[in-house]
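Some notes on the structure that comes next.
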Amino acid sequence: MVNATLPQITAIESEDMIGFVTESRPREIRNMREWAEDDVLIPDGPHKGMPFSCRNQPVHGLILDALIDKRFQYYALTGPVQSGKTTIGMIIPLMYYQCELRSNTLLGAPDDYIAANKWKVVLKPAYESSAYSGILPQKGPGSKGGSQLDTIYFENGTHMKLMTAGGGDSARSSYTSPFVVVTEADKMDEAGEASRESDPVTQMYARSNAYDDRAKCGMECTVSIEEGRIWQEITNGTNSRIMKLCPRCEAYVQPGREHLLGWQDAKNEIEAKANACIHCPDCGNAWTEQQRRWAVEHAVLIHEGEPDTEGVETIWYYDDEKRVVLATGIPKQTRTLGIRYDCVDNLFVSMGTVGAKEWNWARAINEDNAEKEACQFYWVVPYSPDIEASVPLTYQEVERAADRGLTKGIVPADTTHLSIGIDIGKWNCHWWLHAGRANGSEHLVDYGVIDVPTAHMEQSIATLSALSEFAETVVDVGWPLQGNTEQMVSPGVRIVDSGYMTAIIYQFIREQNARIGRRAWYPYKGYSALKRVGYDSVYWQPKAPTRGSGRPIKYGDNYHVQWHNEPMARVWLVHVDSDAWKTDLQKRFGVAKGTPGSLTLWGSSQPNEHKSIAQSLISEREDVGFVPGKGNVKKWVVVHRKKNHYLDAGSMSRVGLHLGGFRIAHQGTPPPSTPNKPKQKSIDILGGDNPYQ
Ligand SMILES: [Zn+2]
């Protein structure tokens, strides 16, 4: 029976949904978005009692439009806390099927308690606050208390099955529904290991098989770990992204955690809240809250494409209304719509609030809990738990490495080898100057940033001119030597990352070596130690030079130097297992200060002097993580993408030190005698066995 309180049905037909309507009297069915904006009232929170509107949270409009896309039979949705993720991913679809389409539904949950809780605390209040309170069961299951809910019978003749991961496969095999939604899927992923017929989620989805293509199955869940069900479903599905339109440069961009700036230098939480705002990844300009709203209101949802050839650039495809519909290559062949959105899309929470949170997380006693909250509830990226991390480097350890006897920018008197590493970026390059000392210990002499005037000229010209100026006015001039600050010393080996702007870096290397008349500059190509998404290759050492190279390979520890004979190259290229060298750099902080293999930083009275270095040093780490079905596996974990520049530059400088002949184990050569040549502007500190001089 149809309850009298049902509102008037509007005149728009949704052909894909109409197949479920079992009544003989034809009805006109609204699509899910229209229905939600007409009939749903927000059950709780600051907007309680207000009509649901995508104007309040524009990302919801994009998601609802995508959910009714007929190409996708399945969906997986994740988003930040307090953003209406459950409303959009579970409440609205369930109520739409139950109320507007008047069909049966299935709600899947990890256990009875969660299932009952979802009904009583989330779904029932949504019905009660809406125009559909009249179809709620007046007696029997679902009408009041009780944690053992199985099926809820609505007064409009439909019912909703609550199904849990427990209870064996047979409990899940005798119910059919055209719509299945699973909540907290990540909590039930491993429960299915015993039954290889299929896991609980797949079995729940299978309850819709009778409806074939007309069925819809979905899940919403807070993101947990990378291996979790929701992240896997999203990334293996369309992996759709919400691209915001920058109000400053009108590029479609997706700012992330590294683009929230202003809170880092704040003196307190209040200042952090006042100063934090998102900066456009493309033009670098800050967005006010009003501009962020505009950017989100003009956002588009794009599905990931698959590159058709290796290294294909991102290509944007536009529809007739100039909306981006596809990025990169050809669309994925998938029937799962996978959507992730984060706190930048969430207009219910200001960027200032997130900035204040970041300020507190950076100071949290329990770093792991803080990081987990940041990842899962705000930035909506998988959190990587620490399980026997092999290099548990902490901020405190970095701070403890400071040596009060040494000053920023002064090369220790007993330095035998000096090397610089430069990490290349679009807007700035990060450099790190590293000293190897007579007793086998190491010292970070200085580090800094080279601004690249990308905004004022073409990228390649900007990069080349910024690097050349730095080489000639800083590197060649050198740094003062401790105890004799008249004496300037220059790094003997100079390593520059050539993974980005490769041709320009090669050109820079050739020009500089020609200018100074010897081979001091080397390009650097980093590889990963383990197979990782987004990295093309794992490091390996070739047995012999490749054809055309001809010249012998110089082998080092987890790196080798090979002549790169391509016409655009013609350089000695340093191929490096960068994960191994990053791990090795981190390990230096665990070695007792002053002993061989230890690493010091300069002393300072400033409490946060080494904060940025510390943040970068711990931005990536080797880790051991649990993978369902595989157990503990070693992996490389990126905690803060885009904060890793100093870690990269530091690793490069240490490869340079090794290449120059510095060895932790058998140092002991006397420090270089200071040449008595006062006219000489600077000397290079190198070490003895560099075969490339
Ligand atoms: Zn911009």
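Do we have Pro200 as closer than 30 Å to Lys426 by Cβ and either more than 16 Å from the ligand (Cβ to nearest atom) or touching a residue at least 40 places away in the same chain (Cβ under 8 Å) (or both) here?
Judged against the criteria, Pro200 is not a match.
Search segment 404-457 for residues being closer than 13 Å to Ser490 by Cα and among the polar types (S, T, N, Q), and hand back the single one that is surrounded by the fewest Cβ atoms within 10 Å (Cβ to Cβ).
Within segment 404-457, the match that is surrounded by the fewest Cβ atoms within 10 Å (Cβ to Cβ) is Thr415.
When segment 278-299 is examined, which residues are found to be more than 13 Å from the ligand (Cβ to nearest atom) and buried (at least 19 other Cβ atoms within 10 Å of the Cβ)?
Val296, Ala299
Within segment 485-510, restricting attention to residues that are in contact with a strand residue (DSSP E or B) (Cβ under 9 Å, 6 or more places away or on another chain) and assigned to a helix (DSSP H, G or I), which residue is farthest from Ala471 (Cα to Cα)?
Thr502
Select, from Pro46, Pro125, the only residue that is farther than 23 Å from Met219 by Cβ and in contact (Cβ under 8 Å) with a residue 40 or more places away in the chain.
Every option except Pro46 fails the conditions.
So Glu269 clears everything in (1) within 16 Å of the ligand (Cβ to nearest atom); (2) more than 23 Å from the chain's Cα centre (by Cα) except one condition, right? Which one?
(1)
Restricting attention to segment 231-266, report how many residues are assigned to a loop (DSSP other than H, G, I, E, B) and within 16 Å of the ligand (Cβ to nearest atom).
Final tally of qualifying residues: 9.
Return the pair list, or none, for Cβ contacts closer than 9 Å from residues in segment 278-305 that are without any contact (Cβ under 8 Å) to a residue 40 or more places away in the chain and assigned to a strand (DSSP E or B) to residues that are of a type in the set (Phe, Trp, Tyr) and away from the ligand (no atom under 14 Å from the Cβ), at least 6 apart or on different chains.
What qualifies is Gly305/Tyr317.
When you go through Thr353, Thr336, Thr309 one by one, which is the residue that is at pLDDT below 85 and either away from the ligand (no atom under 16 Å from the Cβ) or in contact with a Phe, Trp or Tyr (Cβ under 8 Å, 6 or more places away or on another chain) (or both)?
Exactly one of Thr353, Thr336, Thr309 is at pLDDT below 85 and either away from the ligand (no atom under 16 Å from the Cβ) or in contact with a Phe, Trp or Tyr (Cβ under 8 Å, 6 or more places away or on another chain) (or both), namely Thr309.
Hey, any hits in segment 571-593 for a residue that's surrounded by fewer than 20 Cβ atoms within 10 Å (Cβ to Cβ), at positive phi and not in a helix (DSSP H, G or I)?
no
Which of the residues spanning segment 511-526 are assigned to a helix (DSSP H, G or I) and either under 32 Å from the mean Cα position of the chain (by Cα) or not small (Gly, Ala, Ser) (or both)? Can you show your working first?
Pass one, segment 511-526, residues assigned to a helix (DSSP H, G or I): 511-516.
Glu511, Gln512, Asn513, Arg515, Ile516, listed by residue number.
Only one residue in Tyr500, Tyr506 is modelled with pLDDT of 95 or more and either closer than 21 Å to Ala435 by Cβ or surrounded by fewer than 21 Cβ atoms within 10 Å (Cβ to Cβ) (or both), so which one is that?
Tyr506
The values are calculated or read from the model by the stated rules, or taken from the named source; none is laboratory data. None of the values given here were measured: they were computed from a predicted structure. Reconstructed Cβ throughout: ideal geometry from the backbone, glycine too, with neighbour counts over all protein chains shown.
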